[in-house]
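In what follows, a single structure is set out as structure tokens and then discussed.
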Amino acid sequence: MRFSVLASGSSGNSIYVENDEHAFLVDAGLSGRKMEELFTSVDRSMKKLSGILVTHEHSDHIKGLGILARKYKVPIYANAKTWMAMEHLVGNIPIEQRFHFDMESVKTFGSLDIQSFAVSHDAADPMFYVFHENGRKLVLITDTGYVSDRMKGHIKGADSFVFESNHDVGMLQMCRYPWSIKRRILSDVGHVSNEDAAVAMSEVVEEKPTRIYLSHLSKDNNMKDLARMSVTQTLESCGIVTGEFLKLYDTDANIATELVTV
């Protein structure tokens, strides 16, 4: 199983996951042209996609979904409430390309099992995914106001995580955003901060080689170096030292990460 974080941030999000038999895109939050550029950068073709998995209907996750669905005739998977919420946002998608992926369920594609789980975000029915193959586990978890014990049960012990580290609380409190937006981001249906993300990480990582990709960073209220420093310091305060079995990686809003094996 291999993956690349094609793009991650306030302006657009998309993650590519493949094995020897199947290839999936999780969200398509950039323009169709930009998505194609990102695929080319990791030497992959959208013509070989087995499906696009949708997490929720916010524009930074579905901006390019409609155009890609129609151009490449790719199957689209989302839960019923998300389909309803994004109906008017993605344009016409033929019925034969529409598939339901229920919350808290598993779909199997050959040797690859994909598990959905609920997160806490201000969308119709937001959910993220865990990919399993041959004892290896890849977790994708962003766009959640907090990480509950139930979520931790789903994601615990992964070999690789794409984990939200959205904002620095101090930067958010001092920024130019109106209070209503600050309150939304800080709420239980907003986004997790660097420190809260690290505390959750400390409770789900195990003592084995593990990669964590810090993702969905706010362009106004976070920085890569700050996120990495804050997460490292908080993990250390929880008794976990990065660099031993745990390594942190940056993601970018415009540049894909290297395609790596889980």
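The values are calculated or read from the model by the stated rules, or taken from the named source; none is laboratory data. The structure displayed is predicted, hence computed values, not measured ones. Note that we place each Cβ from the backbone using ideal geometry, even for glycine, and neighbour counts take in every protein chain shown. Note: areas computed on protein heavy atoms with side chains; ligands, DNA, RNA excluded. Shrake-Rupley method; radii C 1.70, N 1.55, O 1.52, S 1.80 Å.
If you go through region 45-61 and pick out every residue that is farther than 20 Å from Asn19 by Cα and open to solvent by 10 Å² or more (accessible area, probe 1.4 Å), you end up with 4. Here Glu36 fulfils each of the conditions (1) in contact (Cβ under 8 Å) with a residue 12 or more places away in the chain; (2) in a helix (DSSP H, G or I); (3) over 13 Å from the mean Cα position of the chain (by Cα) apart from (1). Within region 1-44, the residues that satisfy the criterion of being under 19 Å from Lys219 (Cβ atoms), open to solvent by 20 Å² or more (accessible area, probe 1.4 Å) and touching a Gly at 6+ places or on another chain (Cβ under 9 Å) are Ser11, Ser31, Lys34. Across region 128-151, the qualifying residues are those that are within 15 Å of the chain's Cα centre (by Cα) and farther than 22 Å from Ile62 by Cα, and the one among them that is surrounded by the fewest Cβ atoms within 10 Å (Cβ to Cβ) is Tyr146. Among the residues making up region 152-182, those that are of a type in the set (Phe, Trp, Tyr) and surrounded by 13 or more Cβ atoms within 10 Å (Cβ to Cβ) are Phe161, Phe163, Tyr177. Restricting attention to region 186-203, which residues are of a type outside the set (D, E, K, R), under 17 Å from the mean Cα position of the chain (by Cα) and open to solvent by 10 Å² or more (accessible area, probe 1.4 Å)? If the condition is that a residue be of a type outside the set (D, E, K, R), under 17 Å from the mean Cα position of the chain (by Cα) and open to solvent by 10 Å² or more (accessible area, probe 1.4 Å), then Val189, His191 are the ones that fit. Of the strands (runs of 3 or more DSSP E) that lie entirely inside region 107-220, those containing 1 or more residues that are closer than 22 Å to Lys247 by Cα span 127-133, 136-141, 160-164, 210-215. Each residue in region 246-256 was checked for being touching a residue at least 40 places away in the same chain (Cβ under 8 Å) and in contact with a Lys or Arg (Cβ under 9 Å, 6 or more places away or on another chain), and 5 pass. The requirement of being touching a helix residue (DSSP H, G or I) at 6+ places or on another chain (Cβ under 6 Å) and closer than 21 Å to Phe99 by Cβ is fulfilled nowhere in region 4-11; no residue meets it.
Taking every residue in region 179-198 that is of a type in the set (Ser, Thr, Tyr) and pairing it with any residue that is surrounded by fewer than 18 Cβ atoms within 10 Å (Cβ to Cβ), at least 6 positions away or on another chain, the pairs with Cβ-Cβ distances below 7 Å are Ser193/Val169. Can you find even one residue in region 71-84 that is open to solvent by 20 Å² or more (accessible area, probe 1.4 Å) and closer than 20 Å to His216 by Cβ? No.
When Asn254 is tested against (1) farther than 17 Å from Lys152 by Cα; (2) over 16 Å from the mean Cα position of the chain (by Cα); (3) surrounded by fewer than 18 Cβ atoms within 10 Å (Cβ to Cβ); (4) not acidic (Asp, Glu), just one condition goes unmet, and that condition is (2). Pairs are defined by a Cβ separation below 7 Å, a sequence spacing of at least 6 or placement on different chains, a first member in region 76-96 that is more than 18 Å from Gly32 (Cβ to Cβ), and a second member that is of a type in the set (Asp, Glu) and part of a loop (DSSP other than H, G, I, E, B); the pairs so defined are Asn79/Asp102; Asn79/Asp125; Lys81/Asp125; Thr82/Glu57; Thr82/Asp125; Ala85/Glu57. For region 52-75, filtering for residues that are part of a helix (DSSP H, G or I), in contact with a helix residue (DSSP H, G or I) (Cβ under 6 Å, 6 or more places away or on another chain) and in contact (Cβ under 8 Å) with a residue 40 or more places away in the chain leaves 1. Of the numbered criteria (1) acidic (Asp, Glu); (2) without any contact (Cβ under 8 Å) to a residue 60 or more places away in the chain; (3) surrounded by 13 or more Cβ atoms within 10 Å (Cβ to Cβ); (4) under 21 Å from Leu140 (Cβ atoms), the one Glu236 fails is (4).
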